[in-house]
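So the structure is just underneath, and the comments pick up after that.
The values are calculated or read from the model by the stated rules, or taken from the named source; none is laboratory data. If you're wondering where the values come from, they're calculated on a predicted model, not measured in any experiment. As a convention, Cβ positions derive from the backbone with ideal geometry for all residues, glycine included, and neighbour counts pool all protein chains shown.
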Amino acid sequence: MKQFTSIYDVSNLEQLVREARALKANPVQYEWLGKGKTLVLLFLNPSFRTRLSTQKAAQNLGMNCIVLDMAQGWQLEFEDGAVMNTDKAEHIKEAAAVLSQYADIIGIRTFPSLIDKEKDYADFVLHQLVKYATVPIISLESAIRHPLQSLADVMTIEEYKTVKRPKVVLSWAPHVRALPQAVPNSFLEFMQAAPVDFVITHPEGYELAPEFVKHTPVEYNQQKAFEGADFIYAKNWSSYTQYGSILRQDEAWMITNEKMAWTNHAKLMHCLPVRRNVVVADEVLDSPNAIVVEQANNRTFAAQAVLKQILERVM
Amino acid sequence: MKQFTSIYDVSNLEQLVREARALKANPVQYEWLGKGKTLVLLFLNPSFRTRLSTQKAAQNLGMNCIVLDMAQGWQLEFEDGAVMNTDKAEHIKEAAAVLSQYADIIGIRTFPSLIDKEKDYADFVLHQLVKYATVPIISLESAIRHPLQSLADVMTIEEYKTVKRPKVVLSWAPHVRALPQAVPNSFLEFMQAAPVDFVITHPEGYELAPEFVKHTPVEYNQQKAFEGADFIYAKNWSSYTQYGSILRQDEAWMITNEKMAWTNHAKLMHCLPVRRNVVVADEVLDSPNAIVVEQANNRTFAAQAVLKQILERVM
Amino acid sequence: MKQFTSIYDVSNLEQLVREARALKANPVQYEWLGKGKTLVLLFLNPSFRTRLSTQKAAQNLGMNCIVLDMAQGWQLEFEDGAVMNTDKAEHIKEAAAVLSQYADIIGIRTFPSLIDKEKDYADFVLHQLVKYATVPIISLESAIRHPLQSLADVMTIEEYKTVKRPKVVLSWAPHVRALPQAVPNSFLEFMQAAPVDFVITHPEGYELAPEFVKHTPVEYNQQKAFEGADFIYAKNWSSYTQYGSILRQDEAWMITNEKMAWTNHAKLMHCLPVRRNVVVADEVLDSPNAIVVEQANNRTFAAQAVLKQILERVM
């Protein structure tokens with residue numbers, strides 16, 4: 001693998017998931033692979049699971065891992081040609097080139113503005129890093145995608161599915177803040193490539209970007225969507241059409257036991273953090289059908305499979 | 001050892017102190033023990049000695065150690081059943097369960113509110129983590145206890161004592177801020193279990209919680225308490241009875257050479273950080289009787305003994 | 001090497017540079033040297049290159065490296081005899097002595113006040129740490145020097161020079177903020193000891209401290225200074241004489257292609273971060289004559305040579 005910024009960097013998803021599951025069965029079997037290699041994780045936005053699971057993945061592979069919280073340092077300038085007389089002290093051109101001296105692989109997390117749709121959907125920050133770095137880049141969530149999350153999601157569905165081709169439903173759910181569309185966008189890309197029947201359900205106004213939705217069926221009736229589902233993937237996102245807006249916050253779309261009863265004993269997935277009793281009710285998260293913790297655990301092995309395939313190419 | 005949140009987790013204090021001293025004599029003798037194991041340290045409040053000494057202890061045992069400053073990430077919700085529509089993004093239920101996937105042992109530091117006495121003294125935050133984590137927990141200081149500090153304190157007294165059963169005095173001293181009762185509370189628990197004659201001295205109004213004081217004699221006259229003392233343990237704390245209040249800040253209780261002269265050439269201990277010329281005078285801290293630096297050094301080996309006993313049980 | 005706070009700690013600069021270059025050729029040849037040793041990096045001010053390159057250097061030598069961002073913890077008191085009733089929780093006396101228990105080598109970064117010239121130029125913070133620590137200290141940039149940067153600079157000039165004794169010009173350039181004089185001061189000290197012809201150029205009012213300038217020629221005419229130059233080292237600094245002031249911000253002194261044309265095909269150096277189109281124009285930084293990225297890369301091996309020589313003395 002050359003880099004990991006979206007599903008388009010994956011040549012064989014099935015094989016990658018198989019690799020992740022094999023690493024889960026024996027996490028330290030490649031602990032020699034990363035010896036003497038350094039992974040630098042650059043956080044322009046906060047992270048909990050992604051940071052910990054990626055550090056753990058690097059450790060399992062014997063890599064050194066250095067974490068940089070950019071919030072504590074200076075701001076980076078991403079615009080080419082900028083006259084740098086503002087509060088931004090360093091240009092991504094130098095930052096990326098210099099990081100490439102110290103790191104063998106760079107991971108970056110960045111969030112969208114939720115204001116400038118065009119720049120967000122050009123994944124500007126990530127692409128400027130890719131452009132100016134000379135080592136492989138791993139997205140730790142970008143403005144519009146969270147591929148490490150989605151890879152762990154596919155792996156989790158593989159682990160828990162009881163039929164060959166399960167029905168997976170991505171359901172919008174309410175939230176108090178305006179959230180990115182990164183997780184649903186990536187989930188769409190990975191589900192479209194996975195052996196599942198896939199449906200999206202959300203209130204009107206929450207349509208995701210057409211280039212991500214493609215031919216995936218959208219069902220505005222949550223109950224109808226849930227019928228026969230084997231997996232419910234709950235997630236809030238802000239509006240794409242009225243970009244970055246919160247159109248509704250009422251409880252009507254919260255995931256409850258009543259709604260889970262519409263399904264085929266579906267498993268409940270969420271990328272976490274989850275707002276209890278806002279996005280998903282306690283009764284669902286505390287039930288044996290919630291697999292969110294194992295889903296988070298799988299983040300380690302998804303990251304490890306990606307790092308492994310990149311390391312194998314670097315060496 | 002199953003966990004380390006208070007002296008009640010220690011089955012044999014004498015043996016644990018002996019182990020800590022043996023590790024000090026040869027810090028890397030068990031460097032194979034933690035291989036492939038991960039310690040995650042979760043700081044809800046700042047730390048200097050605890051963080052460094054615990055990282056060092058983990059390194060000495062060959063463990064990986066990941067530090068998380070929660071101040072840089074999101075806030076956690078600790079209340080069961082909460083409707084999470086506030087500024088708290090993740091519930092301790094998920095955070096603890098997920099951390100337990102990435103970590104073999106979790107350490108947590110949290111401070112009291114100094115407002116809600118009941119919740120502080122239920123050690124609510126620590127106990128919610130213990131309740132929802134599935135791996136052993138180490139307290140890096142909780143709302144009401146600092147057992148790693150107290151273990152290092154017992155070890156330090158063992159090192160420096162010149163009589164079989166030394167007289168140890170815990171003396172309140174002034175401070176400019178309202179401080180927790182965690183250090184004195186834990187010190188009480190450990191001194192009551194150690195082979196020492198133990199006395200507390202403080203101004204009226206600074207009585208500690210009865211469930212910690214038990215039958216330990218309290219002497220309101222500082223001079224009388226200091227007479228014949230082999231160890232003076234200086235420490236400020238805010239009022240327990242007028243919960244969280246500062247009742248006095250005058251210099252009358254500061255530790256000075258004049259007061260040390262009342263003792264039996266006592267050693268001066270303090271958990272650090274210490275406000276010079278407020279809590280303890282320069283003349284005392286700069287004298288050979290101050291053993292605060294070696295006491296801080298012993299933090300490493302106290303933490304290492306605890307980690308070692310937990311690792312031995314985990315394996 | 002006993003410590004590394006300025007060129008005065010270097011007994012043989014030529015040999016140290018040779019060592020740095022040898023480590024660059026084979027970074028892990030001494031990976032056994034730091035085994036079981038701990039480097040603690042204390043950042044009182046933010047850092048990007050210094051932090052990453054020093055961590056990398058430590059890793060190459062097999063050392064453990066712990067980073068402490070003091071901005072997240074409490075403030076330190078550096079004044080001897082202070083009555084500590086302000087916002088500063090811990091005295092450098094205890095902090096330095098305690099750190100010396102946990103660390104085998106301590107690195108510290110601190111910036112000048114740019115207000116109190118006398119205290120800044122006494123390098124007060126650094127010297128208080130040196131005074132109270134019992135292990136070797138490495139400056140990661142102090143109020144008035146940045147010797148790890150300058151060592152990497154000498155190494156970079158050695159790598160890129162095409163004549164035995166190149167002409168090196170330190171040129172002041174504009175900036176939007178008041179910057180320290182640390183980088184130019186150290187560069188002066190190292191250039192005066194290196195086999196180069198060295199000239200400084202800056203507008204009037206930007207004269208550096210006489211104890212650093214010594215007999216180095218100062219040329220107020222930038223064009224005249226650039227003539228025949230093999231290396232242009234661009235750097236902004238605030239006024240030393242009108243201490244900490246910005247006297248001018250116009251573009252007249254910005255480094256452009258037009259100015260580089262005055263030189264002998266000079267290489268462009270800068271310690272980074274560099275404000276593009278303020279300090280140096282895009283056209284220069286994007287040209288093959290800019291060697292700022294390799295200069296940053298050399299930071300790793302400069303730090304590694306210093307750590308190696310200190311470790312060899314410690315062992």
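Taking the criterion of being at positive phi and among the hydrophobic types (A, V, I, L, M, F, W, C), no residue of the range C:231-253 qualifies. Exactly one residue among B:Lys259, B:Lys235, B:Lys224 is under 24 Å from B:Lys161 (Cβ atoms) and touching a Pro at 6+ places or on another chain (Cβ under 7 Å), and that residue is B:Lys235.
Screening A:Arg248 against (1) surrounded by fewer than 20 Cβ atoms within 10 Å (Cβ to Cβ); (2) of a type outside the set (A, V, I, L, M); (3) within 18 Å of B:Val98 (Cα to Cα) leaves a single unmet condition, (3). With the structure loaded, tell me whether C:Gly36 is under 21 Å from A:Leu39 (Cα atoms) and more than 10 Å from chain A (Cβ to nearest Cβ) or whether it fails that test. Answer is no for this residue.
Just one of C:Phe111, C:Phe48 is touching a residue at least 40 places away in the same chain (Cβ under 8 Å) and within 7 Å of another protein chain (Cβ to nearest Cβ); which is it? Sole residue among the options that is touching a residue at least 40 places away in the same chain (Cβ under 8 Å) and within 7 Å of another protein chain (Cβ to nearest Cβ): C:Phe48. Note on the range C:18-64: residues that are part of a helix (DSSP H, G or I) and not hydroxyl-bearing (Ser, Thr, Tyr) total 17. A residue that is assigned by TED's automatic domain parsing to the domain that holds B:Asn236, more than 19 Å from B:Cys271 (Cα to Cα) and among the acidic types (Asp, Glu) cannot be found anywhere in the range B:183-191. Yes or no: B:Glu207 of a type in the set (D, E, K, R) and either assigned to a loop (DSSP other than H, G, I, E, B) or under 20 Å from B:Glu158 (Cα atoms) (or both)? Judged against the criteria, B:Glu207 is a match.
Scanning the range C:275-296 for residues that are under 23 Å from C:His146 (Cβ atoms) and surrounded by fewer than 21 Cβ atoms within 10 Å (Cβ to Cβ), we see that the one that is farthest from the other protein chains (Cβ to nearest Cβ) is C:Ile291. Filtered by the rule that a residue be touching a Phe, Trp or Tyr at 6+ places or on another chain (Cβ under 6 Å), crowded, with 24+ Cβ neighbours inside 10 Å and not in a loop (DSSP other than H, G, I, E, B), the range B:171-187 gives B:Pro184, B:Asn185.
Just one of (1) of a type outside the set (A, V, I, L, M); (2) farther than 27 Å from A:Asn298 by Cα; (3) more than 9 Å from every other protein chain (Cβ to nearest Cβ); (4) touching a helix residue (DSSP H, G or I) at 6+ places or on another chain (Cβ under 6 Å) fails for B:Lys117. It is (4).
Taking the range B:218-300 as the region of interest, the helices (runs of 4 or more DSSP H) fully inside it that hold 1 or more residues being without any contact (Cβ under 8 Å) to a residue 40 or more places away in the chain, touching a His at 6+ places or on another chain (Cβ under 9 Å) and in the same structural domain as B:Pro180 (by TED's automatic domain parsing) are B:282-285.
Residues that are surrounded by fewer than 20 Cβ atoms within 10 Å (Cβ to Cβ), closer than 20 Å to A:Asp250 by Cβ and in contact (Cβ under 8 Å) with a residue 40 or more places away in the chain within the range A:198-217 comprise A:Pro203, A:Gly205, listed in sequence order. Beta carbons closer than 9 Å, at least 6 apart along the sequence or on distinct chains, pair a first residue in the range A:132-154 that is of a type outside the set (D, E, K, R) with a second that is at pLDDT below 95 and part of a helix (DSSP H, G or I) for A:Val135/A:Val314; A:Pro136/A:Arg313; A:Pro136/A:Val314.
Matching residues to (1) of a type in the set (Phe, Trp, Tyr); (2) closer than 18 Å to C:Ile7 by Cα:
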{"site": "C:Ala122", "(1), (2)": "no, yes"}
{"site": "C:Ser142", "(1), (2)": "no, yes"}
{"site": "C:Leu148", "(1), (2)": "no, yes"}
{"site": "C:Met155", "(1), (2)": "no, yes"}
{"site": "C:Glu158", "(1), (2)": "no, yes"}
{"site": "C:Lys161", "(1), (2)": "no, no"}
{"site": "C:Phe190", "(1), (2)": "yes, yes"}
{"site": "C:Thr201", "(1), (2)": "no, no"}
{"site": "C:Glu204", "(1), (2)": "no, no"}
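Among the residues making up the range A:60-79, those that are more than 8 Å from chain C (Cβ to nearest Cβ) and either in contact with a Ser or Thr (Cβ under 7 Å, 6 or more places away or on another chain) or touching a residue at least 12 places away in the same chain (Cβ under 8 Å) (or both) are A:Asn60, A:Leu61, A:Gly62, A:Met63, A:Cys65, A:Val67, A:Asp69, A:Met70, A:Ala71, A:Gln75, A:Leu76, A:Phe78.
With respect to B:Lys308, determine if the residue is charged (D, E, K, R) and within 27 Å of B:Val213 (Cβ to Cβ). No: the conditions fail for B:Lys308.
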